[in-house]
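So the structure is just underneath, and the comments pick up after that.
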Amino acid sequence: MFRVLKQLAWFFKEQKKRYTAAVVLLLVVSVVDLMPALLIGEAVDAFQRGALSYSYAFSLIALLVVIIIASYWISFIWMQQLFGGAFILERKLRSRFMRHLFAMDPPFFEKRKTGDLLARGTNDMKAISMTAGFGILTLLDSVLFMGILLAAMVLLIDWRLTLAAVAPLPLIALVVTILGSMIHSRFSKAQEAFGDLNNRVLESVAGMRVIRAFRSERRDEKLFAEKSNDVYKRYMQVARVESFFDPVVNMVVGLSYVIGLGYGAYLVFHQQVTLGQIVTFNMYLGMLIWPMFAIGELVNIMQRGGASYDRVNDTLTVEKAVQAPDAPVEGLGHHLPIRYEKVSFSYPGAKGNQLESVSLTINKGETLGIVGKTGSGKSTLVKQLMKYYPGLSGDISFAGVSIADLPQEEIRGAIGYVPQDHVLFSKSVRENILFAADGATEAQLNEAIEASAFAQDLAFLPEGLDTLVGENGVSLSGGQKQRISIARALVTKPELLILDDSLSAVDAKTEAKIVANIQKERAGQTTIITTHRMSAVEHADQIIVLEDGKVVERGTHAQLMEEGGWYAEQVRNQSLGEEEVNI
């Protein structure tokens, strides 16, 4: 049950002063909280003896007020220390979790649902932090405070009465043992179900337009209801197990009261204890109620925290698919030329190679065009430059240095990558373009906007550059998203610009304008363009045609047209299509 505390030992060691102060103050306040019952018992005995004068009663009341005030301020301080530690733990774990996600490669996210990761980063974090706050409190109250109470009852009242009254307590230990493992397993399943529900919501919100377009609201609502009902059932299973504990505690407490009152009356009758001591003893029995309930809370919190820590740790212990080089080469200064030497590649779990013995050289200042049928390996070829996936056969080198010896940060810092799926953040147009270029000037921003042919659209946006685009650019058209993504890459002035089918949503005229602008803007710099439109690469210094991961044609536009292969056929077909559109 306490395994989660052992797993969090690194944090308690780091915050040793904070938790030491909290424990010491809790110990002090536990002793202080015993005093009011003693004073009341003393007042009862003094009254019974006829010795309760006004001055004595006033002194007892004054002392009681001082004790209450002292208890308040001590409690205020230990609560700050203890629960402050819980917030620090949650912040540290959440930051560590996010850093880990940022470090992960695409294979990690391909195997995991976004909703589940979201649940681990929110609900599970909260459950873990509870163990470092309320969990420690229940542990101390159920062990330390209960121990102090029992010691006071033995030393200050009567050991026989105490032993008789607490005789039913082992029943609680038995219940804890039985219910603890049940809570752990059921809470783990409940959290998994919550992750699935999160994922369902994310998919529904992201695909709302498609859902409405196909009139699938009812079906999606039904799927959501099923997921929500599953979460409800899972948490109800946890609640049912937890609900067994309170009746047991009530029964034990009631039994202890009966024993305490009955046996206490016997001892008073035989003058072995005073009436005031019995009053104090029964007040202490009342104070035992919370520590007994704290045992149930302790089981609940520790089992939930343990289950959540296992889920979070399951994510944090996943290693990167592409490991960092043992002796990384950094600070190249330049990264060209780029050479592919007999590169073959297959995605993890895929049958067959997506790239087959590809060799090519990209020199500084060149534009490389990559074309081919859907699924021919165009995007896969350029993604190898980003070190996204392991399992590369052959070699890719930057300025003569193997990609295996270069850290990912070194490579990606030299590349401006515009992917097929254009991710925009729920910020303004300006913030999206300057996402990776905080130090860019207004002139550089305007240059990037002009080069991406987005300037003409600004006039139609209500707030211009400060217009909020909504989540993932929901308020923009596909072409506008693409051009903002291109501007975002251009403003960083990358050594190598990669446009991965990034002109598919713009018309031929806009495409031609963007290509011409990039040629002018990036004269003497290197660009790679993958596309289905041959017109986007006609100007390229080198064009390769991929088929089933192999280079089947290579040359300039003129050379490939002269060869009369697949490329030439596509150029003719697309030219005819454009003519028909113009007619």
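For this structure, a couple of remarks:
- Conditions (1) closer than 17 Å to ASP310 by Cβ; (2) of a type outside the set (Asp, Glu); (3) within 16 Å of the chain's Cα centre (by Cα); (4) modelled with pLDDT under 90; number of the one not met by MET104: (1)
- Residue check, ASN432 more than 29 Å from the chain's Cα centre (by Cα) and either surrounded by 19 or more Cβ atoms within 10 Å (Cβ to Cβ) or outside the structural domain of ALA103 (by TED's automatic domain parsing) (or both): no
- The residues on offer are SER397, SER359, and the sole one that is assigned by TED's automatic domain parsing to the domain that holds GLY565 and more than 21 Å from VAL329 (Cβ to Cβ) is SER359.
- Annotation note: Cβ proximity below 9 Å between a residue of the stretch 558-583 that is among the polar types (S, T, N, Q) and a residue that is exposed (fewer than 13 other Cβ atoms within 10 Å of the Cβ) and at pLDDT 90 or above (sequence gap 6+ or interchain) occurs for no pair.
- Checking GLN323, GLN272 one by one, the residue that is part of a loop (DSSP other than H, G, I, E, B) and modelled with pLDDT of 85 or more is GLN272 and no other.
- Residue within the stretch 47-67 that is in the same structural domain as LEU288 (by TED's automatic domain parsing), touching a residue at least 24 places away in the same chain (Cβ under 8 Å), surrounded by fewer than 16 Cβ atoms within 10 Å (Cβ to Cβ) and farther than 22 Å from GLY286 by Cβ present: no
- Restricting VAL268, VAL299 to residues that are in contact (Cβ under 8 Å) with a residue 24 or more places away in the chain and hydrophobic (A, V, I, L, M, F, W, C) narrows the list to VAL299.
- Pairs linking a residue in the stretch 483-494 that is within 14 Å of GLY439 (Cβ to Cβ) to a residue that is outside any loop (DSSP other than H, G, I, E, B), with Cβ atoms under 7 Å and 6 or more positions apart or on different chains, are VAL491/ILE433; VAL491/GLN444; VAL491/LEU445; VAL491/ALA448; THR492/GLY416.
- Selection count, the stretch 78-92, where residues are exposed (fewer than 14 other Cβ atoms within 10 Å of the Cβ) and farther than 14 Å from GLY135 by Cα: 1
- Members of the stretch 374-390 that are in a loop (DSSP other than H, G, I, E, B) and either over 14 Å from GLY549 (Cβ atoms) or touching a Phe, Trp or Tyr at 6+ places or on another chain (Cβ under 8 Å) (or both): LYS387, TYR388, TYR389, PRO390
- Scanning the stretch 498-528 for residues that are in contact with a helix residue (DSSP H, G or I) (Cβ under 6 Å, 6 or more places away or on another chain), outside any helix (DSSP H, G or I) and not β-branched (Val, Ile, Thr) yields ASP500, SER502, LEU503, ALA505.
- Counting only helices (runs of 4 or more DSSP H) wholly contained in the stretch 1-72, the ones carrying 3 or more residues that are modelled with pLDDT of 90 or more and more than 30 Å from PHE187 (Cβ to Cβ) occupy 16-32.
- Residues within the stretch 100-123 that are part of a helix (DSSP H, G or I) and charged (D, E, K, R), tallied: 3
- Selection status of MET292, assigned to a helix (DSSP H, G or I), closer than 28 Å to ARG120 by Cβ and among the hydrophobic types (A, V, I, L, M, F, W, C): no
- Selection over the stretch 402-451 of residues that are acidic (Asp, Glu) and closer than 30 Å to VAL322 by Cα gives a count of 5.
- Identity of the residue in the stretch 351-396, crowded, with 19+ Cβ neighbours inside 10 Å and β-branched (Val, Ile, Thr), that ends up nearest to GLN542 (Cα to Cα): THR367
The values are calculated or read from the model by the stated rules, or taken from the named source; none is laboratory data. Since the model is a prediction, treat every value here as computed from it, not as a measurement. FYI the Cβ positions are ideal-geometry reconstructions off the backbone, even for glycines, and counts take in every protein chain you see.
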